[in-house]
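The values are calculated or read from the model by the stated rules, or taken from the named source; none is laboratory data. Note that this is a predicted model, so its numbers are computed, not measured. Heads up, the Cβs are rebuilt from the backbone with ideal geometry, glycines too, and the neighbour counts pull from every protein chain shown.
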Amino acid sequence: MNGNTIRKVTSFMALNVDGIDKIVYTYSEIDAETGKEITGNQKKNFYVVSKEVSDAINLVKNYILQNQLGD
């Protein structure tokens, strides 16, 4: 990536794989001068080892449980 490229996260998902949280995400690289997409739908992932990220995942899960799945 050079100085004229912007990376934009286009989607992400939190999964639980064998009891360990994992983030799967896609992103696009965009030319900062023209706005044209250089690459799209690039996929990467990582296992969550940070307490801060784990807490954020739990915050979203709890929000869904309390506000979206309630009766």
Inset, instruction - Give me a count of the residues in the range 5-46 that are charged (D, E, K, R), out of contact with any strand residue (DSSP E or B) (no Cβ under 7 Å at 6 or more places or on another chain) and surrounded by 10 or more Cβ atoms within 10 Å (Cβ to Cβ). - result: 0
Legend entry - Residue check, Val60 exposed (fewer than 12 other Cβ atoms within 10 Å of the Cβ), assigned to a helix (DSSP H, G or I), among the β-branched types (Val, Ile, Thr) and out of contact with any His (no Cβ under 9 Å at 6 or more places or on another chain): yes
Inset, instruction - Provide a single number: the residues in the range 19-54 that are of a type in the set (A, V, I, L, M), touching a residue at least 12 places away in the same chain (Cβ under 8 Å) and over 19 Å from Ile6 (Cα atoms). - result: 5
Inset, instruction - Test Val49 against the criterion of being part of a loop (DSSP other than H, G, I, E, B) and either in contact with a strand residue (DSSP E or B) (Cβ under 6 Å, 6 or more places away or on another chain) or surrounded by fewer than 10 Cβ atoms within 10 Å (Cβ to Cβ) (or both), and give yes or no. - result: yes
Inset, instruction - Find the residue count for the range 1-46, including only residues that are modelled with pLDDT under 95, small (Gly, Ala, Ser) and assigned to a strand (DSSP E or B). - result: 1
